[in-house]
Amino acid sequence: MALKLPIFMDSHSTTPVDPRVLEAMLPYFTERFGHPGSRNHPFGWEAEKAVDEARAKIARLIGARDPKEVVFTSGGTESDNLALKGAAEMYREKGTHIVTTAIEHRAVLDVARRLEKQGFAVTYVPVGHDGLVDPEAIRGAITDKTILISVMFANNEIGTLQPIAEIGKVAKERGVLFHTDATQAVGKVPVDVEAMGIDLLTCSAHKIYGPKGIGALYVRRKNPRVRIAPIIDGGGHERGARSGTVPVPLAVGFGTAAEICREGMPEEAARLARLRDALQDKILSSVDEVYLNGHPEKRLPHNLNVSFAYVEGESVLMGVNKEVAISSGSACTSATLEPSYVIAALGVDPELAHSSIRFGLHRFNTEEEVEYVGGRIVEVVIRLREMSPLYELAKEGVDIKSMRWKAE
Ligand SMILES: Cc1ncc(COP(=O)(O)O)c(C=O)c1O
C-alpha cells in the first residue's frame, strides 16, 4: 500500500480517535442526548448510566476500587489544577509546603508558581542525567509542613517512567498526600493506584485515542479519604468536586478508549516498543553524535527523544514537516524557541537541549511509516550537517567549546 503523507508521530501531543471510540460516542450526540442529572425521565437515566459505565471503565484501567473515585474534568490541565489547588485549599491549615519536580508539565509547574504567590512554599526536586527522580530526594524534601507530593508518572518529552510505587511508599510513611500526573502513562503502561499508593491521579482522554475535551482526576475515598476543594463552583456535579454538566458523548468515548487500552495493553506496548527500537536503531546507526535523552529502558514504549549535535531541532522539523509530524521539545512550548526545560534539567549541554527531537508512536503507525520516517530524518540531519561549519570544524578536530567568537 502506498504510504500516506504526512505521517503522524507526535502522539505525546494528542492521538487520533480510535474508530471504535467514535462509534460508541455517536448515539450520545443524537438519540441519546439526555442530561445525566435529569433524574425523572428515561433520557436522563440513560445518560447517567452511560456516564457511570464510562467511569467504571476508567476506574478499572487505573486500578481504582470504586468508580466514584473518578471525577470527570475537561482534561489533564484541569485535573492537575484541581489536584493541586483543591488539596492546597483543603489542607492549608495542616501545612503550606508542596514537593514536586523540575520536569513536571506546565499544568503542574504553573499552578505551583501560583500557589507560591499565595503563600505556599514549593520544593522542585531535580532529576538525574537520565530524567529519574530519586525517591530518597523526595523523602529528603518533606518537612512537617508538607501536605502534597506531585510527581509525574511519565514525562511528556523524554517518556521517563518515575519510580511511582516507591514514591507512594515514601508518601504513606510520612503521611503526605501523593498526586501523580499520569496523562502520558495511563493506557500505555500498567497503572495501579492501590498498589502504587497514589491518592490523586490525572489522566486525559485525547492521549489514549479518545476525544479532546475530557479528562479525569482520581480522588482516593479510602485509606485515607482525600478531600479537595472544588475550583469550579456551580451545580455540585461530580459529588461536588467539579461543577458543570458532564459531556456524555466525551465520557462514553473516554470509557471506551480506556477499555480498549486495558484489553490490548501488553500487545500494543510490545509492538510499539519494537517499532520505536527499530526507529532508534536506524537513527543511531546512521548518524554520529546523536544522543538519547532520558532513560534507555525506564521509558514509555512509544517514546523516542534524541539530540543531534550541531543541528538545531527546529531545522530538522522544518526539513521534514510536510511529510512527518514530530516535535522539538514539548508541543506546548514549541511555539517559542527556548530550549526545552526538561532536557535542560537533565544537565545536558545547552546546545544539545536546543537540538532535541521527540517522536511519539501510536496505535496506527506501521512498519513502513517507521522506515520512511527514520530514512527522512537521517537524510535531513546529514544534509544539515553538510551545511554546518561547526560540524566541519569539529570533524577536523577543532575543540569548538574553547573557540572564541569575535563580535563585529
Ligand atoms: C504530562 C501532561 N500533563 C498534562 C497535560 C495536559 O493535558 P490536556 O491536554 O488534556 O489538558 C499534558 C498534555 O500534553 C501532559 O503531557
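In this structure, does Ala345 turn out to be in contact with an Asp or Glu (Cβ under 9 Å, 6 or more places away or on another chain) and farther than 30 Å from Ala2 by Cβ? The answer is no for Ala345. Filtering segment 184-208 to residues that are part of a loop (DSSP other than H, G, I, E, B) and within 11 Å of the ligand (Cβ to nearest atom) leaves Gln184, Ala185, Val186, Ile208. Scanning segment 209-240 for residues that are in a loop (DSSP other than H, G, I, E, B) and within 20 Å of the chain's Cα centre (by Cα) yields Tyr209, Gly210, Pro211, Lys212, Gly213, Ile214.
Among the listed residues Arg39, Arg20, identify the single one that is away from the ligand (no atom under 16 Å from the Cβ) and outside any helix (DSSP H, G or I).
Values: Arg20 fails: outside any helix (DSSP H, G or I).
Only one candidate passes the filter, namely Arg39.
On the stretch given as segment 208-221, residues that are surrounded by fewer than 22 Cβ atoms within 10 Å (Cβ to Cβ) and in contact with a strand residue (DSSP E or B) (Cβ under 6 Å, 6 or more places away or on another chain) total 0. On inspection, Ile283 passes the criterion of being of a type in the set (Val, Ile, Thr), over 25 Å from His206 (Cα atoms) and modelled with pLDDT of 95 or more.
Contact annotation: no residue pair with Cβ atoms under 8 Å, 6 or more positions apart or on different chains, pairs a residue in segment 5-19 that is within 16 Å of Thr366 (Cβ to Cβ) with a partner that is among the β-branched types (Val, Ile, Thr) and surrounded by fewer than 19 Cβ atoms within 10 Å (Cβ to Cβ).
Scanning segment 70-85 for residues that are surrounded by 24 or more Cβ atoms within 10 Å (Cβ to Cβ) and either away from the ligand (no atom under 16 Å from the Cβ) or closer than 17 Å to Val246 by Cα (or both) gives Val70, Val71, Phe72, Thr73, Gly76, Ser79, Leu82. Of all residue pairs spaced 6 or more apart or on separate chains, those with beta-carbon atoms under 7 Å, a first member in segment 350-372 that is under 21 Å from Val316 (Cα atoms) and a second member that is among the β-branched types (Val, Ile, Thr) and part of a helix (DSSP H, G or I) are Ala353/Ile343; Ser356/Ile343; Ile357/Val316. Spot the failing condition for Thr143; the list is (1) buried (at least 23 other Cβ atoms within 10 Å of the Cβ); (2) away from the ligand (no atom under 13 Å from the Cβ); (3) more than 16 Å from Val108 (Cβ to Cβ), and only one is missed. So the condition that Thr143 fails would be (1). Screening the candidates Glu31, Glu93, Glu53 for the property of being in a helix (DSSP H, G or I) and at pLDDT 95 or above yields one hit, Glu53.
Filtering segment 118-127 for residues that are closer than 26 Å to Pro301 by Cα and either within 16 Å of the ligand (Cβ to nearest atom) or among the small types (Gly, Ala, Ser) (or both) leaves a non-empty set.
Of the residues Ala205, Ala171, Ala154, the single one that is small (Gly, Ala, Ser), without any contact (Cβ under 8 Å) to a residue 60 or more places away in the chain and either touching a helix residue (DSSP H, G or I) at 6+ places or on another chain (Cβ under 6 Å) or crowded, with 24+ Cβ neighbours inside 10 Å (or both) is Ala171. Considering Ala269, Ala278, Ala273, the condition of being farther than 20 Å from Gly187 by Cα, of a type in the set (Gly, Ala, Ser) and either surrounded by fewer than 23 Cβ atoms within 10 Å (Cβ to Cβ) or not assigned by TED's automatic domain parsing to the domain that holds Glu157 (or both) is satisfied by Ala278 alone.
With the requirement that a residue be among the acidic types (Asp, Glu) and closer than 20 Å to Ala54 by Cβ, what does segment 226-246 give you? Walk me through how you get there before you give the answer.
We begin by selecting, within segment 226-246, every residue among the acidic types (Asp, Glu); these are 233, 238.
Of everything in segment 226-246, just one residue is among the acidic types (Asp, Glu) and closer than 20 Å to Ala54 by Cβ, namely Glu238.
The values are calculated or read from the model by the stated rules, or taken from the named source; none is laboratory data. Just so we're clear, the structure is a prediction, and the values are computed from it rather than from any experiment. Using ideal geometry, Cβ is built from the backbone for each residue, glycine included, and neighbour counts are taken over all protein chains shown.
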